[in-house]
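The structure appears right after this line, and notes come after that.
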Ligand SMILES: *Cc1c(COP(=O)(O)O)cnc(C)c1O
């Protein structure tokens, strides 16, 4: 997909619009599958981008699905995933949501002692489950996206192993998998290996274990000098560790990963229009027809998204602060060099596939953007832009 294709899409479907390039998702997926052993399975983390067409597409290229809510599970099944291709990894849900997932026949991952006990008491060994472990590894680019640290609400602490064992003994609960997900954007691949070693050490306590799920944390480059997780290197190291373990113990576990960002971040291009160029005494602002209600990552995580001027890619470079139209601090980028921006120009935010549309809202009573899938050289509208009526949907007028 070229910049010309993007400009055409902006013209045809208007802005703001999220555009996803199917080819890029496939390339990323193949990077993973070619780096790990054939037995390794990849569960696309649905929460990064749940448009039903994206779910169908990742299924068509061979991925499985990781879901964090029962509705993601239902979306996945609707998209055609078999129940056994779906893993449900919720946090802080009650037993009824777990039971709903059980009825749907998906793999279930339990992440606290309370539910583990309730589930074991009720169902014993009749439905195998995963246990989410918190290994207390500090990883991830940012405190808000790091999930494995000591204060994290995720997982059952490795120090509670004895408690898990007691529940297994007293309820017969059947643990078929161990899971950990230590955070997003792990820079150092050795963190995964450290995690794997912990899982392998733990595995001897779980006689029915078949699966080791390493979660995600695969990093993608947002800036030019950023790195992408070297999955090829990682694949080699992980295979080596697993082979050594198998030799020593005779145990062969199936390895799972749950990439979200790695699969879809790069595929996404968010197109906006420059509404206003505003010179103040200190700064030149580009005010665009969007805001953190459409792409919250810069305001929420201090995330960096590359921005380019698609309409005038060859103009002289100038320094801008790119802001949105929300009535609150709403800055996409500070002091950013862009080819001179004129009012009406189309700008693109790169790497907008993951946690872009997915975290959008109607704040300020603004409408959510449209979504377009570019596949086999053609652009398809896969979500209509919100309309005014959508703002009133579900509201009940009593006055
Ligand atoms: C969010 C999440 C992922 C995906 O993380 P990425 O950084 O997008 O790859 C995987 N597994 C679980 C349990 C998650 O909550």
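Among the residues of the stretch 221-233, those identified as within 27 Å of residue 65 (Cβ to Cβ) and either buried (at least 21 other Cβ atoms within 10 Å of the Cβ) or away from the ligand (no atom under 16 Å from the Cβ) (or both) are 229, 231, 232, 233.
Within the stretch 161-179, track down each residue that is in contact with a strand residue (DSSP E or B) (Cβ under 9 Å, 6 or more places away or on another chain) and either more than 16 Å from the ligand (Cβ to nearest atom) or modelled with pLDDT under 95 (or both). Within the stretch 161-179, 161, 163, 164, 168, 173, 174, 175, 176 qualify. Return the residue satisfying two criteria in turn: it lies in the stretch 328-361 and is assigned to a loop (DSSP other than H, G, I, E, B) and either in contact with a helix residue (DSSP H, G or I) (Cβ under 8 Å, 6 or more places away or on another chain) or within 16 Å of the ligand (Cβ to nearest atom) (or both), and of such residues it is farthest from residue 49 (Cα to Cα). In this case the residue turns out to be 329. Among (1) away from the ligand (no atom under 15 Å from the Cβ); (2) in contact with a strand residue (DSSP E or B) (Cβ under 8 Å, 6 or more places away or on another chain); (3) part of a helix (DSSP H, G or I); (4) assigned by TED's automatic domain parsing to the domain that holds residue 165, where does residue 10 come up short? Among (1) away from the ligand (no atom under 15 Å from the Cβ); (2) in contact with a strand residue (DSSP E or B) (Cβ under 8 Å, 6 or more places away or on another chain); (3) part of a helix (DSSP H, G or I); (4) assigned by TED's automatic domain parsing to the domain that holds residue 165, the lone unmet condition for residue 10 is (4). So, residue 112, is that one out of contact with any helix residue (DSSP H, G or I) (no Cβ under 8 Å at 6 or more places or on another chain) and within 16 Å of the ligand (Cβ to nearest atom) or not? Answer is yes for this residue.
Using the structure shown, decide if residue 209 is more than 16 Å from the ligand (Cβ to nearest atom) and touching a helix residue (DSSP H, G or I) at 6+ places or on another chain (Cβ under 6 Å).
Working: more than 16 Å from the ligand (Cβ to nearest atom): yes; touching a helix residue (DSSP H, G or I) at 6+ places or on another chain (Cβ under 6 Å): yes.
It is true that residue 209 is more than 16 Å from the ligand (Cβ to nearest atom) and touching a helix residue (DSSP H, G or I) at 6+ places or on another chain (Cβ under 6 Å).
Picking from residues in the stretch 42-52 that are outside any loop (DSSP other than H, G, I, E, B) and crowded, with 19+ Cβ neighbours inside 10 Å, the one that is farthest from the ligand (Cβ to nearest atom) is 42.
I need the full set of residues from the stretch 258-280 which are over 22 Å from residue 379 (Cα atoms) and more than 12 Å from the ligand (Cβ to nearest atom), in order please. Within the stretch 258-280, 274, 275, 276, 277, 278, 279, 280 qualify. Among the residues of the stretch 186-198, is there at least one that is within 16 Å of the ligand (Cβ to nearest atom) and over 23 Å from residue 245 (Cα atoms)? Among the residues of the stretch 186-198, at least one is within 16 Å of the ligand (Cβ to nearest atom) and over 23 Å from residue 245 (Cα atoms), which makes the answer yes. Name the single residue, out of those in the stretch 234-249 being within 28 Å of residue 160 (Cβ to Cβ) and exposed (fewer than 14 other Cβ atoms within 10 Å of the Cβ), that is farthest from the ligand (Cβ to nearest atom). Within the stretch 234-249, the match that is farthest from the ligand (Cβ to nearest atom) is 248. Answer yes if at least one residue in the stretch 365-378 is surrounded by fewer than 14 Cβ atoms within 10 Å (Cβ to Cβ), in a loop (DSSP other than H, G, I, E, B) and without any contact (Cβ under 8 Å) to a residue 12 or more places away in the chain, and no otherwise. There is at least one residue in the stretch 365-378 that is surrounded by fewer than 14 Cβ atoms within 10 Å (Cβ to Cβ), in a loop (DSSP other than H, G, I, E, B) and without any contact (Cβ under 8 Å) to a residue 12 or more places away in the chain. Counting the residues of the stretch 65-98 that are crowded, with 22+ Cβ neighbours inside 10 Å, within 15 Å of the chain's Cα centre (by Cα) and in a loop (DSSP other than H, G, I, E, B) gives 1.
Among the conditions (1) over 24 Å from the mean Cα position of the chain (by Cα); (2) more than 30 Å from residue 199 (Cα to Cα); (3) in contact (Cβ under 8 Å) with a residue 12 or more places away in the chain; (4) part of a loop (DSSP other than H, G, I, E, B), the only one that residue 251 does not satisfy is (2). It is to be established whether one or more residues within the stretch 65-78 are in contact (Cβ under 8 Å) with a residue 12 or more places away in the chain and closer than 21 Å to residue 228 by Cβ. Yes, the stretch 65-78 contains at least one residue that is in contact (Cβ under 8 Å) with a residue 12 or more places away in the chain and closer than 21 Å to residue 228 by Cβ.
The values are calculated or read from the model by the stated rules, or taken from the named source; none is laboratory data. All of these numbers come straight from a predicted model, not from anything done at the bench. All Cβ positions, even for glycine, are placed from backbone atoms using ideal geometry, and neighbour counts span all protein chains on display.
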